[in-house]
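Coordinate-derived values only; no laboratory data. These numbers were taken from a predicted model, which means no experiment stands behind them. Here the Cβ positions follow ideal geometry from the backbone for every residue, glycine too, while neighbour counts run over all protein chains shown.
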Amino acid sequence: MADALRVVLAFPSTYPVGITSLGYQVVWATLARRSDVDVRRQFTDRGDPPHGADRSRPPLDLFGLSLSWELDAPVLLDLLEQRRIPIWADRRGDGDPIVFGGGPVLTANPEPLAPFLDAVLLGDGELLLPAFIDALQSCRAAPRAERLRCLARVPGVYVPSLYAPRYGPEGQLLAVEPIEDGVTASVGRQTWRGNTLSHSTVITPEAAWPSIHMVEVVRSCPELCRFCLASYLTLPFRSASLDDGLIPAVEAGLGATRRLGLLGASVSQHPQFPELLGWLDQERFADTRISVSSVRAATVTPQLTGILARRGSRSLTIAIESGSERMRTLVNKKLDTEAIYTAARHARDGGLSALKLYGMVGLPSEEEADVEATATLLLDLKRATPGLRLSLGVSTFVPKAHTPFQWEGVRPEAEKRLQLLAKRLKPKGIELRPESYGWSVIQALISRSDRRLAPVIAAARGQLSSLGGWKRAYREALAAGGAPPLPSWESVVHGRWDPRATLPWQHLEAGLAPTVLREHHRQALQGTGL
Ligand code: SF4
């Protein structure tokens, strides 16, 4: 179409990483299917050719970015500069594109990046994206301010410039409120309730998982582990219909590749998961390599491990969070120690050679003895299942918006506890894959901040994963003063917040109401003395 909307859809990492993001692929395909949109992709290492020159029209109508990891946030600014788009939303004029964002990081808390964004799409793209594009088409000739008002009327579209934070005398956030009549006081996340979910639209050997066809089996997770963004942010739990959703989605991709990935926060909780496995056990899939994302330990069965082994998988991933029963109860994991042993036995007996476990340190009220319990569990598990290679991926607890642990801080003790696990496990032949403590601190800073962080993000560019660089940028912003002042680093990253305080994301709705989150938080911590 000659006057199609000119869109760039960016990803804040390289092509192999970006094209392996099912969310990115689906947004791109939704836009590419429309005849009234001309969409080009941009990654940090390459991109599609630019739109053709047409001096009678602005070079770009829309620039979008999907953000799945907090540490990628500064890359947005680099990508904008590459396109010669002003990085600050309030410096953009009528000839500049609308800059929009989506993905879990921005749906949870877009506030630190709000000054760089014109619009944020909250929730599932299936309904949201078509409505957003239709709205922009209806007002594309209008001045920029009018276009933004038009987009803000689409359910699930948050236009940060139409809201302003109000602070108390000591810089405490009191509210984030609409600045004009007709703008809703809060923005609700949009939820797709159809009986199909997403699957790959691009299969390429260049992907981080080469030539994989990804099929989304479930969305969200019903387990409600108290720290878990993948569960709380995207509620309710939904599963794709087996006959109308999953089977056609798998068939569609297996014409092009023999590598299948079943994705979702909690794949094995699909109500027809055993039937799906049975269907995949047919002889005609004998040359297909099947992998699943992490499954709940309590749902590991001989059927699951047997078929994974027959279909080329060597390992299975389960998240245990901690070897301490007390910690697992605290986070609502509903997983007893015996179920972990059973999962390991099923993995080995089914023919898998490795079990990858995921854990966490620094949870609220955790003591060193709880971390020792994780080391002991791994060592006992190794003795109980000889022949099964064990590894532990371990991260530091990071508070996430819209979860019951959003009020808890990163615990500085976590850094030593990561080292303690390394000391206990590495000499005994258990591979440890710790996530950097420094990265966790930066993640928490971006997860829990408000708009006052934006200049720090701009200053920290080029220091993506250097904790020292971020701390320096924060110190300099504090020293520069300004009103309202930045909150202290300590309170944002490590502070236990008062559950009655206004949260930076309070005007944005997610899975559960704040009163329910407060109750889950209270239940989790009761009896701990916190
Ligand atoms: S089981 Fe896994 S995905 Fe589900 S809530 Fe717990 S941590 Fe999140």
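Worth a mention:
- Test item: Cα-centred dipole of the chain, Lys/Arg +1 and Asp/Glu -1 on Cβ, debye: 1000 debye
- As a length-normalised measure over Cα pairs under 8 Å and 6 or more apart, the relative contact order of the range 2-46 settles at 58 percent.
- Long pairs among Lys334/Lys416; Lys356/Lys426; Lys334/Lys356; Lys416/Lys471, criterion Cα-Cα beyond 24 Å: Lys334/Lys416
- Each residue in His346, His494 was given a count of other beta-carbon atoms within 10 angstrom of its own, and listing them fewest first yields His494, His346.
- Under 11 Å, Cβ to Cβ, from Thr44 - net charge with Lys/Arg +1 and Asp/Glu -1: -2
- Exposure proxy order (Cβ contacts within 10 Å, fewest to most) of Cys228, Cys221, Cys150: Cys150, Cys221, Cys228
- Under 5 Å, built H, 5+ apart or other chain: amide partners of Arg259: His213, Arg289
- Note: relative contact order over the chain, using C-alpha pairs below 8 Å and six or more positions apart, is 14 percent.
- Across all directions, the average flat footprint of the convex hull enclosing the Cα atoms of the range 5-178 is 10.2 nm².
- Going by neighbour counts of Cβ atoms within 10 Å, the residues Met327, Met1 line up, fewest first, as Met1, Met327.
- Prolate/oblate/rounded call for the chain, Cα gyration tensor, a/c under 1.5 rounded: oblate
- Electrostatic bookkeeping for Leu445 treats Lys and Arg as +1 and Asp and Glu as -1; over the other residues with beta carbon under 10 Å from its beta carbon, the sum is +1.
- Dipole of the range 196-293 [Lys/Arg +1, Asp/Glu -1 at C-beta], most positive-end residue of Ala256, Ser211, Thr288: Ser211
- A quarter of the convex hull surface defined by the alpha-carbon atoms of the range 196-293 gives 6.4 nm² as the mean projection.
- Whichever aspartates and glutamates have a C-alpha closer than 12 Å to that of Lys428, once near sequence neighbours (fewer than 8 apart) are set aside: Asp380
- Positive minus negative residues near Leu129 (Lys, Arg vs Asp, Glu; Cβ under 15 Å): -2
- When cysteine pairs in the chain are screened for C-beta atoms closer than 4.7 angstrom, the residues that find no partner are Cys221.
- Projecting the Cα atoms of Ile87, Ala175, Pro110 onto the charge dipole of the range 5-178 (Cβ charges, centred on the Cα centre) puts Ile87 farthest toward the positive pole.
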